[in-house]
Amino acid sequence: MQSGSAKSSQTLSAESAHVVELANISKSFPGVIANRDISLQVARATIHAIVGENGAGKSTLMKILYGLHQPDSGTIAINGVITQFKSPSEAIAAGIGMVHQHFMLADNLTVLENIILGYEPTKYGVLSLGDARKRVKELATSIGVDLNLDLPISELGVGQRQRVEILKVLFRGAEILVLDEPTAVLVPQEVDELFTNLRKLVANGTTILFISHKLDEVLSISDQITVIRQGSTVSTVSPKMVDRLKLAELMVGSDLPSHGKRTTLVGEKIQLSTNKLTVLGKDRKNPVENVSFKIFESEIVGIAGVDGNGQFELCEALLGLVDIEGTVEIGGKDASKLSIRERLDQGLAYIPFDRHREGLMLAASLWENSLLGHETSLSRGPMIDFDAAKKSCREIIDRFGVMTPNELVPAFVLSGGNQQKLVVGRNLATAPKVLIAAHPTRGIDVGAQAAVWEEIRRSRDAGMSVLLVSADLEEVLGLSDRILVMFDGEISAELDPKSATPQILGKYMTGTQ
Amino acid sequence: MNQQLTTQRNFDSMRKSLNTLGSSVSAIILALSICAVLLLVTGKDPFAAYSKILETGLTGEKLLEMLKRATPLIFSAIAVAIGFKMNLFNIGVEGQYLFAALIAAEMATHVSLPRPLHILFILVVAMVSGAAWASIAAFLKIARGVNEVISTIMLNYIALSFIQWLFESFFRDDSDGGLNVKTTKIAPSGRMPDLVHDRLNGMFIVALIVAFLYWIVVFRSRFGFRLRASGLNPIAARTAGIPANRMVLIALMLSGAVAGLIAMPAVIGDVYGYGPSAIATQFGFAGISVALLGRNHPLGIIGAALLFGFLDSTSAVLQLSGIPSSIVKVIQAIIVLVVVIVNEASSRRYNRRTAERAAADLKSQEVPQ
């Protein structure tokens, strides 16, 4: 769409209808794709979605808007006034608020304390909590949020924490709210609640920039949608004019890969099983309670659940990272007493929840990262075989399409999707018997997602068993042969993906059924 | 294409080394300038001081002294660096080497072996003693989660008192008479031969060998990879099957073992025994500075140890020419401070450049989707 941005930037006036106007923003930015000539206009009191694959430049653009990066060229106009933000505090002062994908809350402080943190109202230099409480209450009521302000954050669910983040930003006087993948961590019911709050916000005059790659949600909530691909704006469309498929094609720039139906059969040999597996909570409820399941050869079992319902601890227990009661069997043999190393040697592989925390050494080169966990096979005697390790990394890069100049660059230069491909590749390259895949495609783009899914399917066809832990219901429904729902540490339901829907899953996941 | 790629890679690794070297050298120059200002403020002529340092330091005699003074620093810095590579801060090198010095000196008098074996025996005892003392901190960390910074600092004090008690109660030998009490003198078969008579002994060569072994083990071996991985991301390392507790134990014991060698140039090369006033202290802390300055790399550590040895060797002469000799310690401390700051800034810049170059490379390469 030729939305003459050059023209409009000349006609800027103090009374501009556009709250945010980005004109011809370019940025050579450390990372894989930079911003090229991006223009964007956001009307007051609307929800404007920005969609695009990860690594397409959405985050860069938002960081520029939030003052975390400065553009190489192009202008930012807020309420018609051209501004330059040197830091986030300047952006905040101009009324821009950002809710990050990863919440930045202090667990042991209360809701109220978190909201006012850094902006505490004082009287004669003394903290005046009463005023703060009143203001926060008003804010919360105005957008229809009902929260006990005195609860510590640690007792809140994910959805409530997000509401606290939003209130925190509003408390600082934000009139323009940037939400980065706000629904990634929510179940469908929570998403509906969030959207209700957002609509109230907009009715009160707030403008929302909504970053997402979940197309259905974008279509249902937005007033305008801007699609970004490879660092440039492809188009700005109205949700009334496009459907899901059209939007996806704009994002990817080509036809979408389809969900392949499986042609192979589930095997008969049990590859991974647990019997009454319980993970003991030290001074809290047991995070995993009495979980028993079997996974057959060439089968994908999906575990659906809201984050924090024991999936993480279940994976840790299967790997041997925590003390358990009950048993774990890998390949028909009792593995309950084995060390992590021994379990991995039995043919277990693990794609971790959080690639930065549990998967990668960001400062180390790609080949060292792909070597991690495979040191034994890539050694000659007690010495690392550098050539073999680098060669193995190059193979992973080629096979899994990791976009990188070579295998020597440090892992932090890759975009999230490419980092994930490397982690997935490292685990699939050795043809494991059992794969535990936790959020294998979280935060990565549609193209990379399809590639990861395809690789998992291919390995499954070759006989690999998969335990797929995911909060992305589309992923669980599309990949699994069977679905287990985990709620509050227990398996609350076993469903057939052919008859299950996101709504049904959502009910079991929230314990309402 | 392949040729081009290899050249490109050689460039990349060279660029990194140059970046490291460049930032260290500029830090040293900056530190010297700050010291010059300090000297000026106190009414001394910085050029006179620096030229005095160079003039006296660059004589043959002083250069030998530099090597001699660098020897314990190399051991100490490598001991610290082994811990650093795993994100373990072994502040207890001080206690570990003094404990090792006493035990090795005493044990040396209880065996009679032919020369090379006797020396080897003493070195092994020193390493085992150092490792044993370090293992206390490791066990505390593994079993009770005690932070090694705190436990190793505390163990330094315990070591000092423990050594004093052991020495006074059991190992002290007064037969020599005089004020400098020591353990029984080590027999000639257990003495390290000199490289240059009375100026430099063979422990300098041992230090170079240890530096080489440190490189092989930490940077090239499978064990070293696991060690570094545990330092770079302990959770990822654990998830990949690297046993965290065992790595802590081995790393701290290795660190302690190398620490055990610090006093050996004196014990078997100079003093031929242990005595509270005969064995110099504080090397354990100086090693932290040298490791920081040398960025935990063996060549960097050797270079940094030589620089510190050089500065130390000139301090006595400075005193004679009316310049306070403590200016040497001030220079060393400022160098370390500046290096830490400059390194941080330059590695940030280096990371940014790397990322930008990677992005640019990718664009020109046109990788197929």
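The values are calculated or read from the model by the stated rules, or taken from the named source; none is laboratory data. This structure is a prediction, so every number in the text was calculated from the model and none was measured. Note: ideal-geometry Cβ built from the backbone for every residue, glycine included; neighbour counts use all protein chains shown. When the accessible area is computed, the model is the full protein with side chains, heavy atoms only, and any ligands, DNA or RNA have been set aside. Shrake-Rupley method; radii C 1.70, N 1.55, O 1.52, S 1.80 Å.
Numbers below:
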item: Any helices (runs of 4 or more DSSP H) falling wholly within region A:374-470 and containing at least 1 residues that are within 12 Å of chain B (Cβ to nearest Cβ), at pLDDT 90 or above and open to solvent by less than 20 Å² (accessible area, probe 1.4 Å); result: A:386-400, A:416-428
item: Within region A:116-234, helices (runs of 4 or more DSSP H) holding 1 or more residues that are within 23 Å of A:LYS63 (Cα to Cα); result: A:158-171, A:188-203, A:215-221
item: Members of region B:232-248 found to be farther than 16 Å from A:GLY359 by Cβ and buried (at least 20 other Cβ atoms within 10 Å of the Cβ), listed by number; result: B:MET247, B:VAL248
item: Selection within region A:355-373 - assigned to a helix (DSSP H, G or I), at the interface with chain B (Cβ under 7 Å from one of its Cβ atoms) and in contact (Cβ under 8 Å) with a residue 24 or more places away in the chain; result: A:GLY359
item: Single residue of B:LEU98, B:LEU123, B:LEU117, B:LEU64 found to be open to solvent by 60 Å² or more (accessible area, probe 1.4 Å) and in a helix (DSSP H, G or I); result: B:LEU117
item: Total residues in region A:333-354, condition part of a strand (DSSP E or B) and surrounded by fewer than 17 Cβ atoms within 10 Å (Cβ to Cβ); result: 2
item: Of all residues in region A:471-495 being part of a loop (DSSP other than H, G, I, E, B) and more than 26 Å from A:PRO432 (Cβ to Cβ), the one that is most open to solvent (accessible area, probe 1.4 Å); result: A:ASP488
item: Qualifying residue in region B:146-161 (condition: at pLDDT 95 or above, within 30 Å of B:SER189 (Cβ to Cβ) and part of a helix (DSSP H, G or I)); result: yes
item: Residue match in region A:303-313 (condition: touching a residue at least 60 places away in the same chain (Cβ under 8 Å), within 14 Å of another protein chain (Cβ to nearest Cβ) and touching a helix residue (DSSP H, G or I) at 6+ places or on another chain (Cβ under 8 Å)); result: no
item: A:ALA203, sole failed condition from (1) outside the structural domain of A:ILE115 (by TED's automatic domain parsing); (2) under 30 Å from A:VAL476 (Cα atoms); (3) among the aliphatic types (A, V, I, L, M); result: (2)
item: Hits in region B:177-229 (condition: at pLDDT below 95 and β-branched (Val, Ile, Thr)); result: B:VAL181, B:THR183, B:THR184, B:ILE186, B:VAL196
item: Close pairs (7 angstrom Cβ cut-off, 6 or more residues apart or separate chains): under 21 Å from B:GLY300 (Cβ atoms) and within 14 Å of another protein chain (Cβ to nearest Cβ) in region B:330-359, open to solvent by less than 20 Å² (accessible area, probe 1.4 Å) and among the small types (Gly, Ala, Ser) anywhere; result: B:ASN343/B:SER23
